[in-house]
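Everything below concerns the one structure shown next.
Every number in this text was worked out from the coordinates using simple rules, so none of it is lab data. Here the structure is a predicted model, which means the values were calculated and not measured. In this analysis, Cβ positions are derived from the backbone assuming ideal geometry, glycine residues included, and neighbour counts consider all displayed protein chains.
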Amino acid sequence: MSGNNGSETPAAGKIDSDSEPMLYSVERVAEKLGIGKRTAWDLVWAGVIPSKRLGNRRLVTAQALQEYVANLPDGEKSPRRAAA
């Protein structure tokens with residue numbers, strides 16, 4: 001027996017039961033982002049947050065959610081608040 005069997009690296013995209021889910025319901029997306037369900041659905045239906053269909057469910061991939069968050073603008077002050 002070779003001693004390398006225990007040191008194999010997992011394949012990219014492998015499903016690991018201890019990791020975060022690969023797909024989120026729109027309701028779970030709302031919870032994770034701290035927004036309302038209606039706002040989350042609006043973002044999905046507008047295509048701002050890409051989603052997939054699985055049966056009659058609409059799901060968001062973990063990668064799509066991470067990319068959405070990464071592309072959010074930084075917390076710049078609006079001119080109205082800066083003048084106050």
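Computed quantities for the displayed model
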| read-out | value |
| --- | --- |
| Segment 20-71 - Rg over Rh from alpha carbon coordinates, Kirkwood radius | 0.91 |
| Sequence ranges 54-61, 36-43, ranked by mean other-Cβ count within 10 angstrom, highest first | 36-43, 54-61 |
| Distance (nanometres) between label positions extended 7 Å along Cα→Cβ at Arg57 and Ser25 | 0.8 |
